[in-house]
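Student: Next up is a structure, given as structure tokens.
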Amino acid sequence: MLVIVDGGDCTGKTTVAKICLRIFNILFLDSKNVIYKPIITTQFLSKYHSRVLSDHEYITSFVINTIICDMLSLFKKEILENKLNLVIDRFHYSEEVYGYIRGKTLQNFSDIERFLIQFDPIVFYCRCKNKNFLTKKLKKRKEKYIQEAYELFDKVFQKTILNYVTIDISRQSRKTIAEIVYSIIKFKHK
């Protein structure tokens, strides 16, 4: 089973991912750590070693997304048969949003979407509609892009071809979120 958790900063992504981890023995893949913490196998990532693993400079989102898609292809049978359960924290949705903010574009968004259809993933879109609630969570941060990012996430999820469930941390308690996540994963994992 494949689970993708995405959304803006401080919207409960890690909470949802941890709930998934508690439900099943799910492998957790944080896209920003895939290069530096090869948690699948060194053998799998070794084909990228010369151009990625030995280079600790900025790795483009294209390379990270390509590695994740290659990994999914490698374990496709196990994922589809629920022998391997995988949760990905931030994927192409975040790259579409933050890439745009940084003046870069994710040129393979549609390709990734079409590729992911075969896995019938569970996608959780974490957001926060209550601006006061969000302001409290983000008061220590001074980034100017945050409001723009939240608006862009709404637009990106409007164009996705994958089914997704919206989790709003300002409207749902942690217990309710856990119940929603649990019921969706249990239903899908039959």
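No value in this document is a laboratory result; all are computed from the given coordinates. What you are looking at is a predicted structure, and each value in this text was computed from that prediction instead of being measured. Every residue, glycine among them, receives a Cβ derived from its backbone with ideal geometry; neighbour counts consider all protein chains shown.
Student: Mind scanning Lys104/Lys129; Lys83/Lys175; Lys13/Lys131; Lys76/Lys129; Lys13/Lys76; Lys13/Lys159 and naming the pairs with a C-alpha gap bigger than 29 Å?
Tutor: With Cα atoms farther than 29 Å apart: Lys76/Lys129.
Student: Quick one: which of 172-180, 11-19 comes out on top by average Cβ neighbours within 10 Å, and what's the full order, highest first?
Tutor: Highest mean packing first, the order is 11-19, 172-180.
Student: Taking 0.36 nm per intervening residue step and subtracting the Cα-Cα distance, what contour gain separates Lys159 from Lys83 on full extension?
Tutor: 24.3 nm
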